[in-house]
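Trainee: My questions will all concern the structure given below.
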Amino acid sequence: MSVIVVLRAERSTDFRDFWRTALNFRLTGSISAELGVHNYPPIFPILCTPLSLLPLEVAIVLFTWLSIAAFAWTVFRVADLCGLERTRAPTVIFLVLLMGPYVVSCTTLGAFGLVLLALTVEALWLLRRGADVRAGVLLALATMLKLLPGALFVFLLLRGRWRALVAGGAMLVVVGLGLPTLLLGYEESIAQHRGFYERAVRGHSAWETIHAEKPVKANYSNNALPMVLRRLLSPLDGSKRREDEAGWTVNLLDLSGPTIWFVYLALFGSILLVSAWAARPGTDLVRGYAIWSAVMLLASPLVWTHYLPLALLPLAWLLPRADRGRRVALAALLVWTLGALALAIPQARGAGAQLGSVLATWLAVVLLDARSQDVEA
């Protein structure tokens with residue numbers, strides 16, 4: 001893996017963009033959206049600055065080792081959280097194999113997915129032990145690296161974990177907003193946050209994806225819910241074609257933008273309501289967190305293959321139920337496996353194979369009962 005990332009470092013890694021943007025900030029004191037980092041909050045390149053102290057090839061190898069170590073640590077954490085005893089090596093190895101294609105994708109791209117996974121799972125580990133302040137701080141750090149983990153703050157709200165919410169909110173304000181303001185100045189910080197909102201929040205929103213004539217990031221690699229609905233319900237080209245090549249579509253229907261928007265609101269609204277009910281106070285803490293870990297992906301306006309390691313916890317929660325012959329769990333694991341195999345078929349990816357994997361995993365955790373010794377009053 002180290003050899004691969006060094007060979008790809010200069011031409012096809014996300015890490016190169018992170019490193020260049022951080023280097024530019026360290027040398028000039030300004031944050032540029034022209035070096036590849038345009039969908040991240042202003043705090044992100046500031047936090048990446050230490051990586052720019054090393055040459056790119058050295059930094060990416062170090063980051064790769066850190067990511068793999070973080071993933072290994074997280075596997076042991078979820079094994080304990082979900083009842084996969086460490087002595088049952090075949091079950092844990094099977095879990096790693098289920099995540100294999102997505103972990104490799106994340107690592108070879110130099111993306112932060114495995115770091116985010118480690119932070120979110122460690123936050124659950126701390127929540128289970130009542131260390132809510134530290135859990136909130138870790139979730140805030142994850143959210144500053146990528147907005148996806150912000151969905152887990154909704155879970156904290158549903159569970160009434162106020163100390164974690166306050167600690168996380170304070171971390172976001174003091175570090176996420178305060179540090180860019182201190183280093184960039186008030187006006188430049190406001191301008192950077194406004195630019196981030198326009199590019200990442202508004203530009204990639206479900207509304208824009210569904211209503212724009214040619215939405216951005218429309219190729220088959222993006223398996224976000226609104227994008228998959230747009231491809232299935234309208235004749236949107238999902239290929240990565242050049243101008244001289246023919247594209248392809250996977251649409252089943254040809255519906256108007258407002259109709260697709262209604263379908264999206266109905267589907268995603270139902271997911272949120274069901275998730276809120278299934279993770280309500282008094283139910284299993286780990287199961288509820290696993291449900292909202294899946295919601296985190298279902299809510300994202302962009303879902304690339306290297307985001308999928310974030311589904312590790314719900315998959316791990318399903319494994320012991322599958323061992324006991326629970327058909328719902330077995331079906332979800334089968335769908336997940338088929339989704340991984342579908343990575344080789346662009347049209348299947350365009351039709352939402354990876355989104356279907358996440359939906360099946362979410363639904364299985366919701367449907368299975370929450371009878372566990374780890375129940376909060």
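The values are calculated or read from the model by the stated rules, or taken from the named source; none is laboratory data. Just so we're clear, the structure is a prediction, and the values are computed from it rather than from any experiment. Here the Cβ is made from the backbone with ideal geometry for all residues, glycine too, and neighbour counts use every protein chain on show. Heavy atoms of the whole protein, side chains included, go into the accessibility calculation; ligands, DNA and RNA do not. Shrake-Rupley method; radii C 1.70, N 1.55, O 1.52, S 1.80 Å.
Trainee: Going through R20, R77 one at a time, which residue ends up being charged (D, E, K, R), open to solvent by 40 Å² or more (accessible area, probe 1.4 Å) and assigned to a helix (DSSP H, G or I)?
Mentor: R20
Trainee: Within the set of pairs 6+ apart or on separate chains, which have a first residue in segment 122-133 that is under 16 Å from P281 (Cα atoms), a second that is part of a helix (DSSP H, G or I) and not hydrophobic (A, V, I, L, M, F, W, C), and C-beta atoms under 7 Å apart?
Mentor: L124/Y289; D132/R163
Trainee: List, please: which pairs have Cβ atoms under 7 Å, are six or more places apart or on different chains, and start with a residue in segment 64-92 that is over 10 Å from L114 (Cβ atoms) and end with one that is acidic (D, E) and modelled with pLDDT of 95 or more?
Mentor: R77/E122
Trainee: Could I ask something else about it? Among the residues of segment 35-74, which ones are farther than 19 Å from E122 by Cα and of a type in the set (S, T, Y)?
Mentor: If the condition is that a residue be farther than 19 Å from E122 by Cα and of a type in the set (S, T, Y), then Y40, T49, S52, T64 are the ones that fit.
Trainee: What do you reckon, is L267 open to solvent by less than 10 Å² (accessible area, probe 1.4 Å) and under 21 Å from the mean Cα position of the chain (by Cα)?
Mentor: Against the criterion (open to solvent by less than 10 Å² (accessible area, probe 1.4 Å) and under 21 Å from the mean Cα position of the chain (by Cα)), L267 does not qualify.
Trainee: For segment 228-249, what are the residues that are open to solvent by 30 Å² or more (accessible area, probe 1.4 Å) and either in contact with a Phe, Trp or Tyr (Cβ under 9 Å, 6 or more places away or on another chain) or not in a helix (DSSP H, G or I) (or both)?
Mentor: The answer is P235, D237, K240, R241, R242, E243, D244, E245, A246, G247, W248, T249.
Trainee: Taking L225 as the residue in question, decide whether it is of a type outside the set (S, T, Y), more than 28 Å from M144 (Cα to Cα) and either at pLDDT below 95 or open to solvent by less than 50 Å² (accessible area, probe 1.4 Å) (or both).
Mentor: Against the criterion (of a type outside the set (S, T, Y), more than 28 Å from M144 (Cα to Cα) and either at pLDDT below 95 or open to solvent by less than 50 Å² (accessible area, probe 1.4 Å) (or both)), L225 does not qualify.
Trainee: Where in segment 143-184 are the helices (runs of 4 or more DSSP H), entirely inside, with at least 2 residues that are within 22 Å of the chain's Cα centre (by Cα)?
Mentor: 151-159, 162-171
Trainee: Could you check segment 99-137 and list, in sequence order, the residues that are part of a helix (DSSP H, G or I), among the aliphatic types (A, V, I, L, M), surrounded by fewer than 23 Cβ atoms within 10 Å (Cβ to Cβ) and over 16 Å from the mean Cα position of the chain (by Cα)?
Mentor: L126, V133, V137, listed by residue number.
Trainee: Which condition number in (1) closer than 16 Å to F18 by Cα; (2) open to solvent by less than 20 Å² (accessible area, probe 1.4 Å); (3) not aromatic (F, W, Y) is the one that T49 fails?
Mentor: Looking at each condition in turn, T49 falls short on (2).
Trainee: Can we say A140 is among the hydrophobic types (A, V, I, L, M, F, W, C) and either surrounded by fewer than 19 Cβ atoms within 10 Å (Cβ to Cβ) or part of a helix (DSSP H, G or I) (or both)?
Mentor: Yes; evaluated as a whole, the condition is true for this residue.
Trainee: Step by step: first the residues of segment 23-40, then only those that are in a loop (DSSP other than H, G, I, E, B) and over 14 Å from E188 (Cβ atoms), then the one that is most open to solvent (accessible area, probe 1.4 Å). Which residue is that?
Mentor: Here the answer is E34.
Trainee: Among (1) in contact (Cβ under 8 Å) with a residue 60 or more places away in the chain; (2) under 24 Å from R349 (Cβ atoms); (3) not in a loop (DSSP other than H, G, I, E, B), there is one condition I260 misses while meeting the rest; what is its number?
Mentor: (1)
Trainee: Mind listing whichever residues of segment 1-52 are more than 17 Å from G113 (Cα to Cα) and charged (D, E, K, R)?
Mentor: Correct list: R8, E10, R11, R20, R26, E34.
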